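To keep things clear, I will list the structure first and then write my remarks on it.
The values are calculated or read from the model by the stated rules, or taken from the named source; none is laboratory data. Values in this document were obtained by computation on a predicted structure and should not be read as measured data. Note that we place each Cβ from the backbone using ideal geometry, even for glycine, and neighbour counts take in every protein chain shown. These accessible areas exclude ligands, DNA and RNA; they are computed on the full protein's heavy atoms, side chains included. Shrake-Rupley method; radii C 1.70, N 1.55, O 1.52, S 1.80 Å.
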Amino acid sequence: MDRNSSALQLTVAQAIIRFLENQFIEIDGETKLLCGGGFCIFGHGNAPSLGEALYEARNTLPLYRGQNEQSMGFAAAAYAKAYLRRRFMFCTASAGPGTANLLTAAALAHANRLPVLFLCGDNFVTSLPDPVLQQLEHWTDPTTSVTDAFRVVSRYWDRITHPAQILKSLPALLNTMLDPADCGPAFLALPQDLQGWTYDYPPEFFEPRILRIRRIHPDPVEVQRAATYLAGAHQPLLLAGGGVQYSGAAGELKTFAEAHGIPVVETIAGRANMLWDDPHNIGPLGVTGSDSANAIAKEADVVLAVGTRLQDFTTGSWSVFDRRATIVGMNVCRQDASKHLSVPLVCDAKAGLAALSLALGDYRASPAWLSSAQGKRRIWNEYVELNTASRNGPLSYAQAIGAVNARCTPRDRIVTAAGGLPAELAANWRTLGIGTVDVEFGFSCMGYEIAGGWGARIAQVELDPDGDTIVFVGDGSYLLMNSDIYSSVLTGHKLIIIVLDNGGFAVINKLQKNTGNASFNTLIADCPTIPRPFTVDFAAHAQALGAAAEQVFSIDEFVAAFDRARASERTAVIVMCVDPVEGWTERGHAWWEVGTPAISSRPEVVAARAVMEAGRAAQRRGN
């Protein structure tokens, strides 16, 4: 372009960072930077140019030094979730393995529809120094690089090959990350040489802008159609997903349920949409749900599914609902709203529930239906009370969950992810505060727990510093990714981390046995390539990372340790061994379709296959 006296000559990296410094959003009447900062591991692919730009912005965009690129992405995702997708953080990594390490984190953000910005180094645009350090060479397409792998795990992907390109790409990626239907990770591949190239940028590109997340209002015809189905229902049910929280509709959900006498069940992502003792909250639904929710789901004739993508753990692989039931899908995403031939109501949950309630007028479900559901919930509550109580016998996940739950406040945030803990928390946790539970089960990703806890704590300190962030993690996930214990101590973001050691991947061992297989290579004691099994001293390891840590051997000791962790000014880790076989939550399950062998030399496998196929009789197939 022609040089203009008013133009700003900046490097590409400087322009990207200056743009991010001038994007704002209004949250609860307060204007905040849209970008809360970033996580970084510098290398030759991002330190010279992007690092220079970030240094100049260090007082505006806090930059956290990561220990592992993947865990940086997990922390950024948890930060965005804590902010209900209204703010995001970026992750920057060097070219090659640093960028490749972010791939799993991008997939997690994509599956959970969370906004994370990835700014990653790439090969040289000029190709003059090729092949460069850490470059993958593709003979038939020399433009292909590691960054191309992110195309399938990004909602927005672009490789910047000219400085002017960011004038289009940066607004486009923000539009994607702030779109309630298309929200997800955005990825920019930044060639190492191009990051430092200059361009005369128009000053107006960097003017402060206050952005907003649009609220999608429903089509009146779709509202009326949905109201007709609900008004004709004898036993309606409301299934509340994570979209309820993202739209800020927890109040509307409660009002809708009360106005029309409709029982509510929650998905895993929707845990903490309602308080545990709300009379309309009948419990968590699905494979890792509750007897109460699963029972009324099977009896419901119309299901209003609000803000849920209807994952298999919610639907019991589409077996929890009666095959004749009608599903009304209220969702900002048209694909989610119409899954399994649902009656679509494409809209935001907050606007949609208000409009649908108005259309329903004075309609109320039968009091007997709600009373029946509440009776089932009382029975489930009694089971949870017994299941989580300290008792003789082996220590269990549920007992630890119950002990923590009894000492939490409504301001504490709970974080967990893969393995057996999501199921145990979903079934046994009694929600004390709206939106305070983060069970990452969209991608069910080992390693999210501690890293996600760190990101969630960064957000919590900004939003409500008086609460604690409490992480539940198993020994398997701890061994996979634990370095952000060190990060939390370094940065002063205290976590309470509960490490429950069951000697391996016990929940998959349970799945092996449930499908008729032998215990094999899941529990450390059952690995044929391990001649002398031994346990890890997790407390000593956590202490080496700077945490206050201790191991306990009873629930009474656990409770005392938790109280000490509460009082601690730095990250505290409590380690307790739990039984890998006994002590699982045995009730609240639904059928779940997993791949099993059609033939086997093991009679147990053949028998388990027959049970699996028998469960298919209740499965909805595309309707």
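Reported count of residues in region 198-228, each being open to solvent by 90 Å² or more (accessible area, probe 1.4 Å) and more than 25 Å from residue 330 (Cβ to Cβ), is 5.
Every condition in (1) surrounded by 15 or more Cβ atoms within 10 Å (Cβ to Cβ); (2) within 21 Å of residue 504 (Cα to Cα) holds for residue 546 except the one numbered (2). Any residue in region 481-504 that is under 30 Å from residue 596 (Cα atoms), in contact with a Lys or Arg (Cβ under 9 Å, 6 or more places away or on another chain) and surrounded by fewer than 22 Cβ atoms within 10 Å (Cβ to Cβ)? No, region 481-504 has no match at all. In region 571-583, the qualifying residues are those that are closer than 30 Å to residue 319 by Cα and under 27 Å from the mean Cα position of the chain (by Cα), and the one that is surrounded by the most Cβ atoms within 10 Å (Cβ to Cβ) is 580. Among what's in region 277-300 and is within 16 Å of residue 586 (Cα to Cα) and hydrophobic (A, V, I, L, M, F, W, C), pick the residue that is surrounded by the most Cβ atoms within 10 Å (Cβ to Cβ). Here the answer is 285. Suppose we keep only residues that are among the β-branched types (Val, Ile, Thr) and part of a helix (DSSP H, G or I) within region 584-623. Which one would you say is surrounded by the fewest Cβ atoms within 10 Å (Cβ to Cβ)? Checking each candidate, the answer is 611.
This table checks each residue for (1) part of a helix (DSSP H, G or I); (2) more than 30 Å from residue 413 (Cβ to Cβ); (3) not hydroxyl-bearing (Ser, Thr, Tyr).
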{"site": "510", "(1), (2), (3)": "yes, no, yes"}
{"site": "525", "(1), (2), (3)": "yes, yes, yes"}
{"site": "532", "(1), (2), (3)": "no, yes, yes"}
{"site": "542", "(1), (2), (3)": "yes, no, yes"}
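The residues listed here are 147, 140, 104, 99; of these, the one that is open to solvent by 20 Å² or more (accessible area, probe 1.4 Å) and in a helix (DSSP H, G or I) is 104. The selection criterion, being more than 28 Å from the chain's Cα centre (by Cα) and on the phi > 0 side of the Ramachandran plot, holds for residue 134.
Does residue 308 meet the test of being in contact with a Leu (Cβ under 7 Å, 6 or more places away or on another chain), crowded, with 23+ Cβ neighbours inside 10 Å and farther than 24 Å from residue 222 by Cα? So residue 308 fails the test. Restricted to region 4-28, and to residues that are aliphatic (A, V, I, L, M) and open to solvent by 10 Å² or more (accessible area, probe 1.4 Å), which residue is farthest from the chain's Cα centre (by Cα)? This residue is 7. Contact map, region 453-467: first residue open to solvent by 10 Å² or more (accessible area, probe 1.4 Å), second residue part of a loop (DSSP other than H, G, I, E, B), Cβ cut-off under 8 Å, separation 6 or more or different chains; pairs are 457/493; 457/494; 457/495; 460/467; 461/493; 463/83; 464/411; 466/411.
Taking the stated definitions as given, is residue 592 within 30 Å of the chain's Cα centre (by Cα), more than 26 Å from residue 480 (Cα to Cα) and of a type in the set (Phe, Trp, Tyr)? So residue 592 fits the description; yes. Go through region 516-547 and give me each residue that's more than 27 Å from residue 572 (Cα to Cα) and touching a strand residue (DSSP E or B) at 6+ places or on another chain (Cβ under 6 Å). Within region 516-547, just 522 meets the criteria.
The residue that is surrounded by the fewest Cβ atoms within 10 Å (Cβ to Cβ), counting only those in region 554-570 that are closer than 26 Å to residue 504 by Cβ and without any contact (Cβ under 8 Å) to a residue 40 or more places away in the chain, is 557.
Residue-level check: of (1) crowded, with 21+ Cβ neighbours inside 10 Å; (2) under 18 Å from residue 418 (Cα atoms), residue 446 misses just (1). Tallying residues that are crowded, with 24+ Cβ neighbours inside 10 Å and not basic (Lys, Arg) within region 107-137 yields 13. With respect to residue 530, determine if the residue is over 28 Å from residue 67 (Cα atoms), β-branched (Val, Ile, Thr) and modelled with pLDDT of 95 or more. Taking the combined requirement at face value, the residue satisfies it.
Just one of the numbered conditions (1) part of a helix (DSSP H, G or I); (2) modelled with pLDDT under 95 is not true of residue 110: (2). Taking the numbered list (1) closer than 28 Å to residue 467 by Cβ; (2) under 28 Å from the mean Cα position of the chain (by Cα); (3) free of Cβ contacts under 8 Å to residues at least 40 places away in the same chain in turn, residue 586 passes all entries but (1). Per this entry, residue 491 is not counted among residues that are within 19 Å of the chain's Cα centre (by Cα) and within 26 Å of residue 412 (Cβ to Cβ).
Pairing each residue of region 507-530 that is within 17 Å of residue 600 (Cα to Cα) with any residue that is among the charged types (D, E, K, R), provided the two are 6+ apart or on different chains, yields C-beta distances under 7 Å for 516/602; 516/604; 519/513; 519/526; 520/526. Residue 435 meets all of the listed conditions (1) modelled with pLDDT under 95; (2) under 19 Å from the mean Cα position of the chain (by Cα); (3) surrounded by fewer than 21 Cβ atoms within 10 Å (Cβ to Cβ) but one, namely (1). The residues in region 229-265 that are surrounded by fewer than 24 Cβ atoms within 10 Å (Cβ to Cβ) and of a type in the set (Ser, Thr, Tyr) can be counted, and the count is 2. If you scan region 406-422, which residues turn out to be over 22 Å from residue 75 (Cα atoms) and touching a strand residue (DSSP E or B) at 6+ places or on another chain (Cβ under 9 Å)? Selection gives 408 alone. Among the candidates 306, 264, the residue that is touching a residue at least 60 places away in the same chain (Cβ under 8 Å) and within 22 Å of the chain's Cα centre (by Cα) is uniquely 306.
Restricting region 61-83 to residues that are assigned to a loop (DSSP other than H, G, I, E, B) and not hydrophobic (A, V, I, L, M, F, W, C) leaves a set whose member that is nearest to residue 272 (Cα to Cα) is 83.
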